[in-house]
Amino acid sequence: MKTEIHFFFMKALPEIIVADAQALRACCDDIASHPHVAFDTEFVGEDSYIPHLCLVQVATPKALYIIDPFECGSLESFWLLLLDPARLSIVHAGREELRICTHAVGKPPSQLFDVQLAAGLLGLGYPLGYAPLIQTTLRKTINKGQTLTDWRKRPLSDEQLRYAFDDVRYLLAVWKKLDTKLTALQRQEWASEEFAAFTGQALQNSCAVERWRKLKGTSSLDSRRLAIVRALYEWRETVAAKRNRPVRTVLRDDLLVELAKRE
């Protein structure tokens with residue numbers, strides 16, 4: 001039985017590009033018929049506070065999909081499927097995927113399995129990139145040559161499409177293998193706690209996780225000036241979010257720290 005399950009998740013699947021509302025409905029119907037779905041996103045975040053979504057890649061037991069939000073319009077129907085508590089969403093290093101889903105429909109996926117976190121809990125290394133994880137667990141090699149591509153440009157090249165499909169091609173198989181090991185080691189509850197904590201941290205306000213403490217030049221500041229740094233940092237995050245602009249365009253890190261020094 002284990003061999004059959006492994007084969008089921010490793011077999012070649014149809015590759016479908018979703019570029020209109022009808023194709024999106026068909027994709028969502030497929031997702032709705034399964035209790036688990038793997039997905040990834042391609043986005044550009046250099047010139048905005050909220051990442052600009054360019055692609056969503058999806059894997060179900062029946063097919064691989066590339067959803068083009070530039071052509072399909074609203075993806076609300078897709079994101080809402082991930083809120084079903086009976087459906088498991090499988091990702092790799094899914095911090096931004098959680099944030100994008102929350103921005104789209106107000107909540108993150110109800111049930112999460114992050115294969116990067118799971119690999120860490122199994123002693124495979126953390127953080128382990130997607131390609132090394134695939135190589136380690138499945139002995140498969142994938143090409144990551146399009147990592148720095150501009151996903152806003154259309155049409156997408158054959159190389160970009162291959163890269164995008166590969167990002168979810170083995171996610172279900174990796175999930176199945178890691179989940180089986182977690183079960184054998186009685187670490188599923190531990191993993192669920194880690195996935196929940198990861199989700200909460202990903203959705204926290206930047207100040208709540210005290211990212212401001214990592215700003216260069218703050219190590220020598222006294223408590224009063226550190227309080228000013230935190231207040232300025234929080235103000236900058238709020239303004240950047242309202243304008244949907246990168247934080248650096250509101251106030252650079254070095255100027256923020258300098259203002260705190262001068263009180």
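Can you name the residue in region 84-135 that is of a type in the set (Ser, Thr, Tyr) and at pLDDT 95 or above and, of all such residues, is farthest from residue 185 (Cα to Cα)? The selected residue is 110.
Every condition in (1) open to solvent by 20 Å² or more (accessible area, probe 1.4 Å); (2) of a type in the set (Gly, Ala, Ser); (3) closer than 19 Å to residue 41 by Cβ is met by residue 164 except one, and the failing one is (1).
If the Cβ limit is 7 Å and pairs must be 6+ apart or interchain, which residue in region 5-20 that is within 15 Å of residue 60 (Cβ to Cβ) pairs with which residue that is modelled with pLDDT under 95 and open to solvent by less than 50 Å² (accessible area, probe 1.4 Å)? Close Cβ pairs (under 7 Å, with a partner that is modelled with pLDDT under 95 and open to solvent by less than 50 Å² (accessible area, probe 1.4 Å)) amount to 18/72. Listed by first and then second residue, the pairs with beta-carbon distance under 6 Å, at least 6 apart or on different chains, first residue in region 211-231 and farther than 12 Å from residue 263 by Cα, second part of a helix (DSSP H, G or I) and at pLDDT 85 or above, are 212/229; 212/230; 212/233; 215/253; 215/257; 217/257; 218/229. Residues that are surrounded by fewer than 22 Cβ atoms within 10 Å (Cβ to Cβ) and either free of Cβ contacts under 8 Å to residues at least 40 places away in the same chain or under 14 Å from the mean Cα position of the chain (by Cα) (or both) within region 117-128 comprise 120, 123, 124, 125, 126, 127, 128, listed in sequence order. Consider region 84-132 and keep the residues that are of a type in the set (S, T, N, Q) and outside any strand (DSSP E or B). The one that is nearest to residue 32 (Cα to Cα) is 110.
Would you point out the residue of region 62-74, among those that are open to solvent by 10 Å² or more (accessible area, probe 1.4 Å) and not in a helix (DSSP H, G or I), that is farthest from residue 17 (Cα to Cα)?
If we filter region 62-74 for residues that are open to solvent by 10 Å² or more (accessible area, probe 1.4 Å), which is where we start, we get 62, 65, 68-74.
Still in the list and also not in a helix (DSSP H, G or I): 62, 65, 68, 73-74.
Numbers: 62: 14, 65: 6, 68: 8, 73: 14, 74: 16 Å.
Among those residues, the one meeting the criterion is 74.
Is it the case that region 172-181 has a residue that's among the aromatic types (Phe, Trp, Tyr) and either surrounded by fewer than 18 Cβ atoms within 10 Å (Cβ to Cβ) or over 20 Å from residue 116 (Cβ atoms) (or both)? Please lay out each step first, then the result.
Narrowing region 172-181 to residues among the aromatic types (Phe, Trp, Tyr): 175.
The next check asks that each one be either surrounded by fewer than 18 Cβ atoms within 10 Å (Cβ to Cβ) or over 20 Å from residue 116 (Cβ atoms) (or both); those that pass are none.
No, every residue in region 172-181 fails to be among the aromatic types (Phe, Trp, Tyr) and either surrounded by fewer than 18 Cβ atoms within 10 Å (Cβ to Cβ) or over 20 Å from residue 116 (Cβ atoms) (or both).
Of all the residues in region 29-61, those that are open to solvent by 10 Å² or more (accessible area, probe 1.4 Å), in a helix (DSSP H, G or I) and of a type outside the set (Gly, Ala, Ser) number 2. Residue by residue through region 75-92, note down the ones that are in contact with a strand residue (DSSP E or B) (Cβ under 6 Å, 6 or more places away or on another chain) and open to solvent by less than 10 Å² (accessible area, probe 1.4 Å). Listed by number, the residues that qualify are 82, 89, 90, 91.
The values are calculated or read from the model by the stated rules, or taken from the named source; none is laboratory data. Please read these numbers as outputs of a predicted model, since none were measured by experiment. Heads up, the Cβs are rebuilt from the backbone with ideal geometry, glycines too, and the neighbour counts pull from every protein chain shown. All accessible areas refer to the heavy atoms of the entire protein, side chains included, with ligands and DNA or RNA removed. Shrake-Rupley method; radii C 1.70, N 1.55, O 1.52, S 1.80 Å.
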